[in-house]
Amino acid sequence: MTRGWVGFYLAVTLSLAAPRASAQEAEPPPAPDTSPAPEAPAAPELSPSLPPPAEPTGSPLVVSEVVVLGTEKTRPETVQDYSRLDAGDTVTPEELTRVERRLLATGLFQEVHVSTQPTGDGRARVVLQVQDKASWVVAPTFSVSNSNIGGGVLYAESNLWGRSKKFAAAVQVSTAESGLFVGFLDPNLFGFPPLRLSFEGQLRSDRVEEYQPGASAKVPEVRRRTRLNSASAASELSVMIAERVRVGAKYRLMLIDAQDPSQDTPVTEPAFEPGPVQRDASLRLMMGIDTRQNLHAVMEGLNIEGSLELSNPGVGSQFRYQRFGLLYRHGLRFFEEHNLVLRGEVSLGVDLPFHQEFVAGASSLRGFIYRQFRGDTRTSFTAEYHFPLFTVRSLSFRGVAFSDTGVMMWRSIPEDRQLRDVTGRVVRGYLEDSKDGVGSATVAQGLGLGLRLFLRSVVLPLVGVDVAYGVNSGEIRFYLVAGVNPS
């Protein structure tokens, strides 16, 4: 998805970030009461009637009640849902620290402070003091990279109804892909944070370019240009078990309309046989470990996920293919604000039609052209080191050094260079100079530096600029992404 104009977007987000004092912040809390605390009322008032919070003690405590302070938009019950605390629970200082991190990781709050107030008999009131972020934005979007320039407009809300529901709608026009996107995510289904449900829909028109094989060309030649129009809808349901293991399923339905290839390129034979619109449906199953937390601009934790995607008449598709994936992501924190982020992926496809092939280039492999490489097998590894530069009030400037590595290949190409479905229709016509096998794999490497801007008081990120050197070609390429990715 493309992203937003820097100047206008900054103006919008900075205006959203104007200081907002809550009623609780406007009036100082009363002085500490040294007399024995009375029994907690059944429905306590907020800050004005509570004594000031005390720091957590070292011994376990039984929770007598949970009180939420400081919210302006987020509903108190939503804060408590994410804390996973309730009356009767036994908590330790370590557990309260985890609660604080859990709330910060939602991305909804600028600040979170968790404290306790003794209520007698080894029991305590837990006070969750939070400060909301600005949760919505309307802004132009814009991106610049080789072979893909364009922009549009975006509306995104990350705390719908104060219940942490997320909604995004965007329209874009660019040289490579244009269309409309709408998405909804409920990360707290039925007030149960481990359960997530999402819906998304897209209307797209893609100009898909296939390039000459190899990664050494400074300006790769476009061998064929194909227009693909599509409409899709998808829904995903997942559950987190014991805050570590995520299991999910995603169903997607897509209508594909392939056009004749451009006649001004060297290859004019279709990559995907034109004809009636075809229905592509798939069911994707996912399972893995996920302990990641995004604490403002720093990502911590480990994610290892395996997936299997099936498309056949049994799930309502006119295609037959499979995709297997293994994903590794790891975030390590150093020196408080330094962050090493590692990402590795292995993807294998069987009988993939043209519109479902794996691609790499630009954002997924910096130093190369957008979607420059294609194949039915992809291996990639990215290492990024993020570090603080300076901060102006709540606006943080962070640098990043990165290395992107990708391996793309075709495992097997039919002798006649045409892959057909069960009806005999050609779903992939390969270029004459495409080769299969490990010996024909393309290995590409990109190195570079970048800049990231984050606004602490806004849920959404701001601007990213990268300068990448393609080791294979010796070319230096620039990438600007401003705004957000609604997907």
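The values are calculated or read from the model by the stated rules, or taken from the named source; none is laboratory data. Please read all numbers here as calculations on a predicted model, not as lab measurements. Ideal geometry is used to build each Cβ from the backbone, glycine not excepted, and the neighbour counts take in all protein chains shown. Ligands, DNA and RNA are excluded from the accessible area calculation, which covers all protein heavy atoms including side chains. Shrake-Rupley method; radii C 1.70, N 1.55, O 1.52, S 1.80 Å.
Observations on the structure shown:
- When each of THR106, THR116, THR78, THR97 is tested for being of a type in the set (S, T, N, Q), part of a loop (DSSP other than H, G, I, E, B) and farther than 30 Å from ALA360 by Cα, the lone residue that passes is THR106.
- Those residues of segment 358-393 which are polar (S, T, N, Q), open to solvent by 50 Å² or more (accessible area, probe 1.4 Å) and under 22 Å from the mean Cα position of the chain (by Cα), in sequence order: SER363, SER364, THR379
- Restricting segment 306-316 to residues that are open to solvent by 50 Å² or more (accessible area, probe 1.4 Å) and assigned to a strand (DSSP E or B), the residue that is nearest to PRO388 (Cα to Cα): LEU308
- Options VAL173, VAL126; residue that is among the aliphatic types (A, V, I, L, M), in contact (Cβ under 8 Å) with a residue 12 or more places away in the chain, more than 24 Å from SER198 (Cβ to Cβ) and crowded, with 21+ Cβ neighbours inside 10 Å: VAL126
- Annotation note: Cβ proximity below 8 Å between a residue of segment 307-323 that is without any contact (Cβ under 8 Å) to a residue 24 or more places away in the chain and a residue that is open to solvent by 60 Å² or more (accessible area, probe 1.4 Å) and assigned to a loop (DSSP other than H, G, I, E, B) (sequence gap 6+ or interchain) occurs for ASN312/ARG320; PRO313/ARG320.
- Scanning segment 129-143 for residues that are in contact with a Gly (Cβ under 9 Å, 6 or more places away or on another chain) and more than 18 Å from VAL79 (Cβ to Cβ), we see that the one that is most open to solvent (accessible area, probe 1.4 Å) is PHE142.
- Subset of segment 246-287 (residues that are polar (S, T, N, Q) and open to solvent by 40 Å² or more (accessible area, probe 1.4 Å)): GLN259, GLN263, THR268
- Residue within segment 222-244 that is outside any strand (DSSP E or B), touching a Ser or Thr at 6+ places or on another chain (Cβ under 8 Å) and among the acidic types (Asp, Glu) present: yes
- Leading residue by the ranking (surrounded by the fewest Cβ atoms within 10 Å (Cβ to Cβ)) among those in segment 188-200 that are in contact with a Ser or Thr (Cβ under 6 Å, 6 or more places away or on another chain) and of a type outside the set (D, E, K, R): PHE199
- Enumeration of residues in segment 103-116 that are buried (at least 21 other Cβ atoms within 10 Å of the Cβ) and of a type in the set (S, T, N, Q): THR106, THR116
- For ASP264: the one exception among (1) of a type outside the set (Lys, Arg); (2) free of Cβ contacts under 8 Å to residues at least 60 places away in the same chain; (3) part of a strand (DSSP E or B): (3)
- Selection within segment 421-450 - surrounded by 15 or more Cβ atoms within 10 Å (Cβ to Cβ), in contact with a Lys or Arg (Cβ under 9 Å, 6 or more places away or on another chain) and not polar (S, T, N, Q): ASP421, VAL426, VAL427, ARG428, GLY429, TYR430, LEU431, ASP436, GLY446, LEU447, GLY448, GLY450
- One residue alone among GLY183, GLY150, GLY214 is open to solvent by 20 Å² or more (accessible area, probe 1.4 Å) and not basic (Lys, Arg), and that residue is GLY214.
- Any hit, segment 298-305, residues being in contact with a Gly (Cβ under 8 Å, 6 or more places away or on another chain), modelled with pLDDT under 90, assigned to a loop (DSSP other than H, G, I, E, B) and over 18 Å from LEU237 (Cα atoms): no
- In segment 189-212, the residues that are within 21 Å of SER178 (Cα to Cα) and touching a residue at least 12 places away in the same chain (Cβ under 8 Å) form Cβ pairs under 9 Å with partners that are of a type in the set (Phe, Trp, Tyr) and in a strand (DSSP E or B), at six or more places apart or across chains, as follows: PHE199/PHE184; GLU200/PHE181; GLU200/PHE184; GLY201/PHE181; GLN202/PHE181; LEU203/PHE181; ARG204/PHE181; TYR211/PHE373.
- Taken over segment 331-357, the criterion of being surrounded by 18 or more Cβ atoms within 10 Å (Cβ to Cβ) and closer than 17 Å to LEU302 by Cα is satisfied by GLY331, ASN339, VAL341, GLU345.
- Where strands (runs of 3 or more DSSP E) fall entirely within segment 347-455, those with at least 3 residues that are under 30 Å from SER135 (Cα atoms) and not aromatic (Phe, Trp, Tyr) are at 377-392, 395-409, 442-455.
- If only residues of segment 456-477 that are modelled with pLDDT under 90 and part of a strand (DSSP E or B) are counted, the one that is most open to solvent (accessible area, probe 1.4 Å) is VAL465.
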